[in-house]
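Colleague: This is the structure I want to talk about, given as structure tokens.
Every read-out reported here was derived from the displayed coordinates using simple, explicitly stated rules and does not represent laboratory data. What you are looking at is a predicted structure, and each value in this text was computed from that prediction instead of being measured. Cβ sites come from the backbone with ideal geometry, for glycine too, and all protein chains shown count toward neighbours.
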Amino acid sequence: MATMTRSIELRLAFLACSLLTALFVVYALLGRPSGGQPLGHALGIAGTLLMVTTETLYSIRKRTTWLRSYGPVRWWLSAHIFTGIVGPFMVLTHTAFEFNGLAGFTMLLAVIVVASGFIGRYFYTAIPRSLAGVEASDSDLQAEIARVQQTLGELAGQRPAAVKALVEADEQRKRVARSDVGLVLLRSWDEWRYRSRLHRQVQKLERAEKQRLSDIERMLMRRRSLERQMRMLEGTRRLLSAWHVAHVPLGLALFAAAAIHVAATFYFRAGLWG
């Protein structure tokens, strides 16, 4: 199993936003930025199109078979995250950081939707997945835990009694009781605490036994990771369901406000032409 830990879409989005920021700074030095200027309108139109892409294409790919030949869902999710960050940022630069009337309200909604998207992505990364990106099931995780447990038994059987005691004590360790939210939001903290404690124990044992135990340490961390995924699986699904209930209406409200703003801009010819 493999969790979705890669964040290439976030790095690319950061790079794109950095370039847009540099462009805005140059624009501000050469003139007075305004949403009604040609560059402002270009940024607004491009950002709006990216936001529409964010809202539609990923949903179509996930719920239909029309775009199946154009890559797995995880690729479309990465594109969804990228456009969901860069699009609103382009709209933000389009406003020239002036938040008045409907445009200001629309920008506020965009900020809320983007923040909600980051929360949803964090929940999504808590669901274990195979190397192919398919969501793992309870049986998949149990089978992997059994395989790791067997490997641990074989490794410990070739080591001194102190090593076997470490493996057994780790298996019997006390699990901290947490809510669904606690399990997901504090998973990085719990992982760091476990790794730090285990590494200290292994180092101490290595000095006493005069042998490397990196293979034992690696398998113990793997077993703990799988057990954590088992504990989080159902809770994360419940959190994602609750998140969708809030995120989808916010997205619809954002596009309704954006559509009204665009229609008003064309109706009143606000800076579109002389």
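Colleague: Please list, by residue number, every one of the chymotrypsin sites (Phe, Trp or Tyr not before Pro) in the range 21-80 that is coil in DSSP and has at most 14 other beta-carbon atoms within 10 Å. Each step should come with its number before you reach the end.
Modeller: Values: sites: Phe24, Tyr27, Tyr58, Trp66, Tyr70, Trp75, Trp76; in loops: Trp66.
Passing both the DSSP loop test and the Cβ count: Trp66.
Colleague: Please list, by residue number, every one of the trypsin sites (Lys or Arg not before Pro) in the range 128-199 that is coil in DSSP and has at most 15 other beta-carbon atoms within 10 Å. Can you show the working numbers first?
Modeller: Details: sites: Arg129, Arg147, Lys164, Arg173, Lys174, Arg175, Arg178, Arg187, Arg193, Arg195, Arg197; in loops: Arg173, Lys174, Arg175, Arg178.
Passing sites in the range 128-199 are Arg173, Lys174, Arg175.
Colleague: Once both labels are modelled 7 Å past Cα along the beta-carbon direction, what's the Glu191-Trp75 spacing in nm?
Modeller: Here the modelled spin labels are 2.6 nm apart.
Colleague: Here's a follow-up. Below 20 Å, Cα to Cα, which aspartates and glutamates can Lys62 reach? Residues fewer than 8 away in the same chain don't count.
Modeller: Glu9, Glu135
Colleague: Grab the DSSP H runs of the chain that are 4 residues or longer, score each as -39,500 (n - 2.57), total them, divide by all residues and round the 222 nm result to the nearest 500 deg cm²/dmol.
Modeller: Values: 9 runs with 211 residues, N = 274.
Mean residue ellipticity, 222 nm, calculated: -27000 deg cm²/dmol.
Colleague: Please list, in order along the range 186-191, the HN-Hα scalar couplings obtained from phi with the Karplus expression 6.51 cos²θ - 1.76 cosθ + 1.60 (θ = phi - 60°), rounded to whole Hz, x for Gly and Pro.
Modeller: Karplus values, whole Hz, x for Gly and Pro: 9, 5, 5, 5, 4, 5.
Colleague: Using 0.36 nm times the number of residues separating Asp138 and Leu67, minus their current alpha carbon distance, what extension gain do you get? Intermediate values should be presented prior to the final figure.
Modeller: On the way: separation 71, 0.36 × 71 = 25.56 nm, distance 2.88 nm.
Between Asp138 and Leu67, full extension yields an extra 22.7 nm.
Colleague: Does anyone have the angle between helix 8-30 and the longest principal axis of the chain? Alpha-carbon axes, 0 to 90°, nearest 10?
Modeller: The two axes meet at around 30 degrees.
Colleague: In a Gaussian network model over the chain where Cα atoms closer than 10 Å are linked, find which of His199, His94, His41 has the largest mean-square fluctuation.
Modeller: His199
Colleague: Sticking with this one: Convert each backbone phi in the range 45-62 into a coupling constant with the Karplus relation 6.51 cos²θ - 1.76 cosθ + 1.60 (shift: θ = phi - 60°), then list the ³J(HN,Hα) values in order as whole Hz, x for Gly and Pro.
Modeller: With the stated coefficients, the range 45-62 comes to 5, 4, x, 5, 4, 5, 5, 5, 4, 4, 6, 9, 4, 5, 5, 5, 5, 6 Hz.
Colleague: What does the extension gain come out to for Ala256 and Glu209, with contour length at 0.36 nm per residue minus their alpha carbon separation? Walk me through the intermediate numbers first.
Modeller: Working: separation 47, 0.36 × 47 = 16.92 nm, distance 6.73 nm.
Stretched out fully, the Ala256 to Glu209 stretch lengthens by 10.2 nm.
Colleague: Suppose R0 equals 30 Å; then what is the FRET efficiency for Ala263 and Arg32 from their Cβ-Cβ distance, rounded to the nearest 0.05? Mind dumping the intermediate values first?
Modeller: Details: r = 26 Å, r/R0 = 0.87.
E between Ala263 and Arg32, to the nearest 0.05, is 0.70.
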